[in-house]
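**Q** Handing you this structure, nothing more for now.
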Amino acid sequence: MAQKGISRRSFLKGTSAVVAGAALGGKFATQGMFKPNVVHAQGEVVMAVQEFAHDAIKAVLPDFESATGLTVKLESGPVSGNDMLTKYAAAFAANNSPVDVVSDADDDGPIFYRAGYMLPLDDVIPEETWADFPSSFDSQIEKFHSFDGVRYRVPHEFAIGYFFTRKDWLDSKSVTSPASWEEMVETGKMFADPANGVWGTTDGLIKPALLYVYVAYLTSQTGGDVFAFDEGTATALQFLHDMIHTHKIFPETALNDDYNKQNELYMADKVAFMRQWPFFQSVAEGNTEWFADDKMKIELPPAGPAGSKAWWGGWGWSVPKSAPNPDGAKELIKYISSNEVAPLLAKGQSWFIVPRASILAEFEGEDNPIVSAMGWYAEEGVPAARPFHAKVAEAQTIVDDMASLFLTNQASLSDVMKQGQELIKALDE
């Protein structure tokens, strides 16, 4: 996948069956019907996944439990790849996994595979499931879900930073969504009222990992390589610093905020527009007393020097090598990622909406904001490849630390750029 992004053609290639099925007036015929290899009279499978996804998963478990005789216990999984490493790395290294199936992220997965902590999935996930993904996923699956040509994780999320806007606020001032960084500053100033905690924009920037996410997002809009600490990275960091300290449209307190706090600010009517992951759509819709369509209209990201871009990545299902119930885990991951069940999960939580043929077919003809935005972003060439580093968690920590020093005025931009380059070089040696 080219660093500058993926084309509409490559993104949509592989989903032609959906289009053909719609043209014929029929639904996409999936081929991956789940059939358990073994039937257990008893046994428990423990799955760790972020809590906001539990309800959607619970809705599809009765058929699995009935077919296999297994029961599934859901645990609250970490919210970032760094937290995954903190919680599970020691247990995996000791060959003593407390869970059978995990939802893990791009920034911890490659580390676990290289360490030999995960079971290969080539003989677990059928080819019809892999064929359900568009060809534009091939590079991402190769880099972030595989090692030495062996697949260890099956994607369940297409994570791209959508640009949510308070259309009602914009309409009140007869302005449109900002199309560039310059317009984002000017429009943000129309709404920002720092004394009363109202901001043009915000994000969750707490370390570890979340500050990196936003810096990488801005760097995708400069055409830079965040792990190279190049000129594009410097431009992105300077812009974020200016939004916080010069233009005062972005709260400095965001450096202590996670995504829950970010979402709370937005739904407390304190933010005019923001980048956020797809799961926010379902979170906001669940806040029925507050939600309205014009309070979170998705628009294209404001364009930086390299255009309107946002990097994409995601989470996926894996089975630890030391899973207490590996046979049950294999059955569950096969079921939960199948062409029949993936669309049901997508219906239940926007976090599970992926441009798989089966999922797109399920939403055919529906007015779903995330599905519509996914297609629109692809049409406009917004998706850019996620930055890759073999020691991704350590590299992201370097970006976190250097960015934090600059944004809190503890070091100059030139100093953090120089030190960042030196630290990445040492990491590569």
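Coordinate-derived values only; no laboratory data. All values reported here derive from a predicted model rather than from experimental measurement. Backbone-built Cβ (ideal geometry, glycine too); neighbour counts: all protein chains shown.
**Q** Could I have the simple spin-label model distance between ASN260 and ALA115, label points 7 Å from Cα toward Cβ, reported in nm to one decimal?
**A** So the label points at ASN260 and ALA115 sit 2.5 nm apart.
**Q** Which residue, GLY232, GLY286, GLY224, has the most motion in a Gaussian network model of the chain that connects Cα atoms within less than 10 Å?
**A** Most flexible of the set in this elastic network: GLY286.
**Q** About the Cα centre of region 130-218, what is the dipole size in debye to 20, counting +1 per Lys and Arg Cβ and -1 per Asp and Glu Cβ, all else neutral?
**A** About 200 debye.
**Q** Counting only residues 5 or more places away or on other chains, whose amide H sits under 5 Å from the amide H of GLU380 once H atoms are built in the peptide plane?
**A** none
**Q** Moving on. Please list, in chain and number order, the residues 5+ apart from ALA306 or on another chain whose amide H is under 5 Å from its amide H, with Hs placed from the backbone.
**A** Residues meeting the amide H criterion: THR222, GLY223.
**Q** Could you give each residue of region 63-79 its phi-based ³J(HN,Hα) in whole Hz, using Karplus coefficients 6.51, -1.76, 1.60 with θ = phi - 60°, and x for Gly or Pro?
**A** Values per residue, Gly and Pro as x: 5, 5, 5, 5, 6, 10, x, 7, 10, 10, 10, 9, 10, 6, x, x, 9 Hz.
**Q** Taking neighbour Cβ counts within 10 Å as the exposure measure, how do ASP148, ASP55, ASP401 sort from fewest upward?
**A** By the 10 Å Cβ count, ascending: ASP148, ASP55, ASP401.
**Q** Please work out, to two decimal places, the log10 of the ratio I(q)/I(0) at q = 0.22, 0.24, 0.27 Å⁻¹ from a Debye calculation in which every Cα of region 270-344 carries one identical scatterer.
**A** The Debye formula, applied to the Cα set alone, gives -1.05, -1.14, -1.27.
**Q** Quick one: the Cα spread of region 226-274 along its three principal axes, in angstroms, biggest first?
**A** Principal extents (Cα only, largest first): 37, 23, 17 Å.
**Q** Please state the charge dipole magnitude for the chain, taken about the Cα centre, from unit charges on C-beta atoms (+1 on K and R, -1 on D and E), reported in debye and rounded to the nearest 20.
**A** Value, rounded to 20: 360 debye.
**Q** May I ask for the net charge around LEU170, where only other residues with Cβ less than 15 Å from the Cβ of LEU170 are counted and Lys, Arg are +1 while Asp, Glu are -1?
**A** Local net charge: -2.
**Q** From the alpha carbon gyration tensor of region 328-417, can you work out the equivalent ellipsoid semi-axes (sqrt of 5 times each eigenvalue) and give them in Å, largest to smallest?
**A** Result for region 328-417: semi-axes of 38, 20, 11 Å.
**Q** Would you kindly derive the ³J(HN,Hα) couplings of region 209-215 from the backbone phi angles with the Karplus curve 6.51 cos²θ - 1.76 cosθ + 1.60 (θ = phi - 60°), listing them in order in whole Hz, with x for Gly and Pro?
**A** 5, 6, 4, 3, 3, 6, 4
**Q** Give the long-range amide H neighbours of TRP199: residues separated by 5 or more places, or on another chain, with amide H under 5 Å away, using H modelled in the peptide plane at 1.01 Å from N.
**A** The answer is ASP193, VAL271, ALA272.
**Q** So for the chain, taking the charge dipole from beta-carbon charges (+1 Lys/Arg, -1 Asp/Glu), which of TRP290, ASN96, ALA378 sits furthest toward the positive end?
**A** Working it through, the farthest residue towards the positive pole turns out to be ALA378.
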